[in-house]
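Derivation of every value follows stated rules applied to the coordinates shown; laboratory data play no part. All values derive from a computational prediction rather than experimental measurement. With ideal geometry, Cβ positions are generated from the backbone for all residues, glycine too; neighbour counts draw on all protein chains shown.
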Ligand code: TYD
């Protein structure tokens, strides 16, 4: 495959808990690698020290919402500057399991004091993805698949209903593709792959059949 230094693609799959972002990021990474494309898969919270702290705080109801928002933004800027940007410069297609839209949808619903504008400002130094795909599912369906005793603090149907509404409103406003994931995994993945392939072709990538 002939590829110039300028060909990069930063893809994000985002959506409420249980929408299948991790499963579909993994499948997508495998699919792109099979096509011979250099692919880097990452996730948020990231593997940094801030990311590790966030994983701990996800189980702690006492952490103020603004602290969560600040830490998620700090983790993201670090993640972008030290990992994502470098991989893009090295010619990788980067796939991130969650990114800015997670902070906008979750943190703006965590407290009345937190506005979408504030979260957007906190995230100004995190580079923008080329493609954000929103995976959508009814929280009643997604949470029924999880063990109740292992639920994290955001895994609550009424909160997730509100979080979902923000994802969908933003997707419509910003033109993000929305994919319903309450379907056979292979069919959902094929839909995601089609969107990604179109974007890659638009960017001038050569895709082998
Ligand atoms: P998740 O991908 O569900 O991790 P895991 O499947 O390993 O538990 O992400 C953890 C939680 O973090 C999820 O409930 C969404 C939340 N979150 C935010 O609230 N804001 C953010 O910016 C990010 C990245 C995640």
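Numbers below:
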read-out	value
Residues being surrounded by 16 or more Cβ atoms within 10 Å (Cβ to Cβ) and in contact with a helix residue (DSSP H, G or I) (Cβ under 9 Å, 6 or more places away or on another chain) - total across the stretch 22-39	9
Odd one out for residue 111 among (1) within 15 Å of the ligand (Cβ to nearest atom); (2) exposed (fewer than 15 other Cβ atoms within 10 Å of the Cβ); (3) without any contact (Cβ under 8 Å) to a residue 24 or more places away in the chain; (4) over 18 Å from the mean Cα position of the chain (by Cα)	(3)
Residue match in the stretch 79-88 (condition: within 10 Å of the ligand (Cβ to nearest atom) and crowded, with 22+ Cβ neighbours inside 10 Å)	yes
Residues satisfying the stated conditions in the stretch 93-108, i.e. within 8 Å of the ligand (Cβ to nearest atom), in contact with a strand residue (DSSP E or B) (Cβ under 9 Å, 6 or more places away or on another chain) and over 15 Å from residue 171 (Cα atoms)	97
Selected residue [within 15 Å of the ligand (Cβ to nearest atom) and free of Cβ contacts under 8 Å to residues at least 40 places away in the same chain] from 155, 172, 149	149
Condition check for residue 131: within 14 Å of the ligand (Cβ to nearest atom) and in contact with a helix residue (DSSP H, G or I) (Cβ under 8 Å, 6 or more places away or on another chain)	no
